[in-house]
Amino acid sequence: MFPSSEIYRGFGSTWDYGPLGAELIRNVKEAWWRDVVLANDNVVGINSAILMSPEVWRASGHVEHFSDPLVECGSCRRRFRTDDLDKVHQCPVCGMSELGEARQFNTMFKTFVGPVEEDAAIAYLRPETAQGIIVNFNNVVTSTRKKLPFGIAQIGKAFRNEITTGNFVFRTREFEMMEIEYFVMPGDDENIHNQWIEDCLSWFKTLGIKEANL
């Protein structure tokens, strides 16, 4: 793996996968799709668009609530998530005690669709793939005639405008998700959830991951 845009001094918390990294990603995705989606009669796949109507994100509460508490140092102007400060009231970078009041920072990436940047043209890069699954629920039911319980799976890019990044690829602004939304009859959720936990743990172990690390 290489820092993205490395020859131009890099670009914060973005990474490029080289020849081996690209093969690793492809192998993981193919194994997941083969063993978790294709091998399960109750799971079907979709591939939804990254850009969706902003009405989707307003209805789901992301526009109003998908946010982190942010504070800014009045001295060095660095910004931090308040939960990263561990109740310390001075700046962890410059040591000054000039942290401002916490305010909410929406972590969705905002962009504009069309030639004019105006409110009517606002769109968002999806912060998760689940909404593409949810809004296509009826389309999938109609086209596949699936009955409960069944799942809808998707692999795709997601984007989060993180306040603080780092820890290698464990907190990045651009990442790929493998996700299933599984729909069940009311009352069956606990049993089915526990079965999914057992099946997923077993699958991870078949990949050679030590049980102690799960």
Completion exercise
Scanning region 18-34 residue by residue, those over 30 Å from residue 123 (Cβ atoms) and open to solvent by 60 Å² or more (accessible area, probe 1.4 Å) turn out to be 19, 20, 23, 24, 27, 30, 34
Exercise for the section: Can you run down the residue pairs with Cβ atoms below 9 Å, 6 or more apart or on separate chains, where the first is in region 18-36 and free of Cβ contacts under 8 Å to residues at least 24 places away in the same chain and of a type outside the set (Val, Ile, Thr) and the partner is open to solvent by 90 Å² or more (accessible area, probe 1.4 Å) and not in a helix (DSSP H, G or I)? Expected result: 18/2; 21/2; 23/17; 24/17
Problem - Residue tally, condition touching a helix residue (DSSP H, G or I) at 6+ places or on another chain (Cβ under 7 Å) and either more than 19 Å from residue 28 (Cα to Cα) or loosely packed, with under 12 Cβ neighbours inside 10 Å (or both), over region 183-206 - result: 1
Practice task
Please give the number of the condition residue 155 fails out of (1) in contact with a Lys or Arg (Cβ under 7 Å, 6 or more places away or on another chain); (2) open to solvent by 50 Å² or more (accessible area, probe 1.4 Å); (3) among the hydrophobic types (A, V, I, L, M, F, W, C).
Solution key: (2)
Fill in the blank from the handout: Only unsatisfied item for residue 45, checking (1) within 19 Å of the chain's Cα centre (by Cα); (2) loosely packed, with under 13 Cβ neighbours inside 10 Å; (3) small (Gly, Ala, Ser), is (2)
Exercise for the section: Report the residue count in region 142-152 for those that are under 20 Å from residue 52 (Cβ atoms) and either in contact with a Leu (Cβ under 6 Å, 6 or more places away or on another chain) or open to solvent by 60 Å² or more (accessible area, probe 1.4 Å) (or both). Expected result: 2
Handout entry: Some residue of region 8-15 being out of contact with any His (no Cβ under 8 Å at 6 or more places or on another chain), assigned to a strand (DSSP E or B) and either of a type outside the set (Phe, Trp, Tyr) or on the phi < 0 side of the Ramachandran plot (or both)
Key = yes
Exercise for the section: Please note which strands (runs of 3 or more DSSP E) are completely contained in region 64-141 and include at least 1 residues that are surrounded by 13 or more Cβ atoms within 10 Å (Cβ to Cβ), at pLDDT below 75 and of a type outside the set (Ser, Thr, Tyr). Expected result: 67-72, 79-81, 103-106
Practice task
Select from region 142-159 the residues that are assigned to a loop (DSSP other than H, G, I, E, B), touching a residue at least 60 places away in the same chain (Cβ under 8 Å) and basic (Lys, Arg) and list them in ascending order.
Solution key: 146
Exercise for the section: Scan region 6-65 for residues that are farther than 23 Å from residue 109 by Cβ and small (Gly, Ala, Ser) and jot them down. Expected result: 18, 21, 22, 31, 39, 45
Completion exercise
With the first residue restricted to region 195-208 and required to be of a type outside the set (A, V, I, L, M), and the second required to be open to solvent by 80 Å² or more (accessible area, probe 1.4 Å) and not in a helix (DSSP H, G or I), Cβ contacts under 6 Å at 6 or more apart or on different chains are 204/214
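The values are calculated or read from the model by the stated rules, or taken from the named source; none is laboratory data. As the structure is a computational prediction, the values presented were derived from the model and not from experiment. Glycine also receives a Cβ, built like all others from the backbone with ideal geometry; neighbour counts cover every protein chain displayed. Heads up: the accessible areas ignore ligands, DNA and RNA and are worked out on the full protein's heavy atoms, side chains in. Shrake-Rupley method; radii C 1.70, N 1.55, O 1.52, S 1.80 Å.
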